[in-house]
Each structure stands twice: as structure tokens, then as C-alpha cells.
Amino acid sequence: MDQRRDPAHPVVKSYVLPKLDWVQQFVPLKASTRVLDVGAGNGFFSYYLNQLANTTAVDFSQKMLLKNPVPQKALMDAGHLAFCDFAFDVVFCHALLHHVEDLAKVLGEMKRVSSQTVVLMEPNPANPLMALFSALVPEERKALAFSESYLKKALEDQGLQVVASCAFGWIVPNKTPVFLLPFLRLLNFSQPWGMTRILVARRRS
């Protein structure tokens with residue numbers, strides 16, 4: 001049974017928008033900005049990105065893409081992005097990389113199609129609840145290795161320079177009960193033990 005919430009759900013909105021506000025300190029998003037959301041799923045982020053910028057969503061799952069509300073979307077493997085070099089200004093992914101088989105290949109493709117910036121969001125294993133969840137759920141276990149230093153090195157190995165990094169918030173989009181939102185919204189800021197690690201990187205060349 002698919003337990004993903006709709007992108008417009010109040011918990012998802014409270015999860016996404018503060019993170020995008022933080023990102024926009026380093027990556028201005030406007031109507032003319034070309035954004036690619038890789039592994040976009042049913043549109044948690046692409047739904048809101050598309051309200052700010054010219055957003056295209058891609059995912060390997062046709063089922064997820066059918067639920068994604070953005071008009072520009074395509075079925076695609078993150079390791080073989082069917083776009084020209086520098087086709088987008090910003091290439092973004094959320095909670096994708098700890099699921100891929102070849103991290104370097106996916107990051108290389110993200111860099112190739114980006115003319116400027118790559119933005120990553122991954123579960124933060126320094127958060128005790130996220131670490132426990134990752135340890136208990138087999139398909140999430142690779143996230144335990146995805147520390148800030150690990151992700152920075154992976155980006156730098158691709159010739160990308162990390163210009164900003166933080167851990168953020170305590171909301172989980174699919175699991176957080178609505179009644180906890182008033183309290184958890186107070187924790188929507190950058191903090192070492194935040195649930196989600198965010199990195200902003202730019203091309204060196």
C-alpha cells in the first residue's frame with residue numbers, strides 16, 4: 001500500500017517550504033530558472049519548485065510520475081539523463097542518492113546537465129531517530145553512510161564545490177502526525193541534529 005501523502009498535504013508543505021527558503025539564500029529561484037528534479041516521485045518538491053521556477057520532474061517509476069502534478073515530467077533513469085549538457089540551471093534531488101547503485105554515475109549526470117548548481121537533500125544519519133529508522137529498514141540502510149563529509153567528498157570528486165551545507169528540521173513528510181505540526185514547525189531551522197542534510201554545490205568549470 002502506497003502511504004505517500006499528497007504534495008499539498010500540510011505536513012509535506014511544512015517539510016518542503018522552509019528547506020526551499022533556506023536553499024534560496026544561495027540559489028535564487030525565479031520563473032526563468034530551469035530546474036530539474038531528479039527522482040521526483042509524486043512531487044513533494046517539484047510541486048513547490050514549479051511554483052517558483054520552470055521545473056521538470058523525472059523519475060524511474062511511472063506510478064510515481066502519474067501522481068506528480070507538474071506538467072513537465074518524464075520517465076527516466078537518474079544514471080542516464082536524456083538531456084543535453086547544461087540543459088538546466090539547477091539540478092535537484094531529494095532522498096534519492098542512498099537508493100542508487102552507482103552514486104558517482106548519478107552525481108556525474110546531475111553535474112553534466114546543470115549549468116550552475118546541484119542541490120542534494122538526504123536523510124541525516126547524525127539524527128538519532130533517522131539513524132534508527134535507517135538501521136531498521138533494509139532499503140534505507142545505505143543512508144547510515146551518508147554523513148556530511150561523505151556527501152561533500154562525493155560532490156567534490158565530481159568537480160563540484162560545496163558552497164553551503166546544513167541539517168534541517170524534525171518533520172518527516174510521510175510519518176509526522178498532523179497534531180505535532182505546531183511544535184515541530186518551531187524546529188524548522190538549521191541545526192546539527194536536523195532530520196535532513198542539505199548541500200548546495202556549484203560547478204568549478
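Only one of the listed residues (A53, A82, A40, A31) is touching a helix residue (DSSP H, G or I) at 6+ places or on another chain (Cβ under 6 Å) and within 19 Å of V118 (Cα to Cα). That residue is A40. Of all the listed residues (D89, D77, D6), the sole one being crowded, with 19+ Cβ neighbours inside 10 Å and acidic (D, E) is D89.
Listed by position, the strands (runs of 3 or more DSSP E) inside the range 45-119 whose residues that are more than 25 Å from E156 (Cα to Cα) and either touching a strand residue (DSSP E or B) at 6+ places or on another chain (Cβ under 7 Å) or in contact (Cβ under 8 Å) with a residue 60 or more places away in the chain (or both) number at least 1 are 54-59, 73-75. Within the option set D59, D89, being under 16 Å from the mean Cα position of the chain (by Cα) and either hydroxyl-bearing (S, T, Y) or over 26 Å from Q25 (Cβ atoms) (or both) holds for one residue only, D59. Contact map, the range 192-205: first residue closer than 18 Å to F133 by Cβ and in contact (Cβ under 8 Å) with a residue 24 or more places away in the chain, second residue surrounded by fewer than 16 Cβ atoms within 10 Å (Cβ to Cβ) and hydroxyl-bearing (S, T, Y), Cβ cut-off under 9 Å, separation 6 or more or different chains; pairs are R197/S147. Cβ separations smaller than 6 Å between residues 6+ apart or across chains give the following pairs from the range 154-168 residues that are touching a residue at least 12 places away in the same chain (Cβ under 8 Å) to residues that are in a loop (DSSP other than H, G, I, E, B) and charged (D, E, K, R): G159/R204; Q161/R204.
Scan the range 9-47 for residues that are buried (at least 22 other Cβ atoms within 10 Å of the Cβ) and aromatic (F, W, Y) and the total you get is 4. Residues in the range 61-74 that are surrounded by fewer than 17 Cβ atoms within 10 Å (Cβ to Cβ) and either under 24 Å from G108 (Cα atoms) or of a type in the set (S, T, Y) (or both): S61, Q62, Q72, A74. So, L184, is that one modelled with pLDDT of 95 or more, touching a Phe, Trp or Tyr at 6+ places or on another chain (Cβ under 6 Å) and either farther than 29 Å from A87 by Cα or in a helix (DSSP H, G or I) (or both) or not? When the stated conditions are applied, L184 passes them. The residue of the range 142-181 that is nearest to L132 (Cα to Cα), among those that are in contact with a Phe, Trp or Tyr (Cβ under 8 Å, 6 or more places away or on another chain) and of a type in the set (A, V, I, L, M), is V172. Consider E140 carefully, then state whether it is in a helix (DSSP H, G or I), in contact (Cβ under 8 Å) with a residue 40 or more places away in the chain and not aliphatic (A, V, I, L, M). Spelling it out, E140 is indeed in a helix (DSSP H, G or I), in contact (Cβ under 8 Å) with a residue 40 or more places away in the chain and not aliphatic (A, V, I, L, M). Residue check: K153 meets all listed conditions (1) closer than 25 Å to P18 by Cβ; (2) assigned to a helix (DSSP H, G or I) but one, namely (1).
The values are calculated or read from the model by the stated rules, or taken from the named source; none is laboratory data. This one's a predicted model, so the numbers in the text were calculated from it and none came from an experiment. We place every Cβ from the backbone using ideal geometry, glycine too, and count neighbours over all the protein chains shown.
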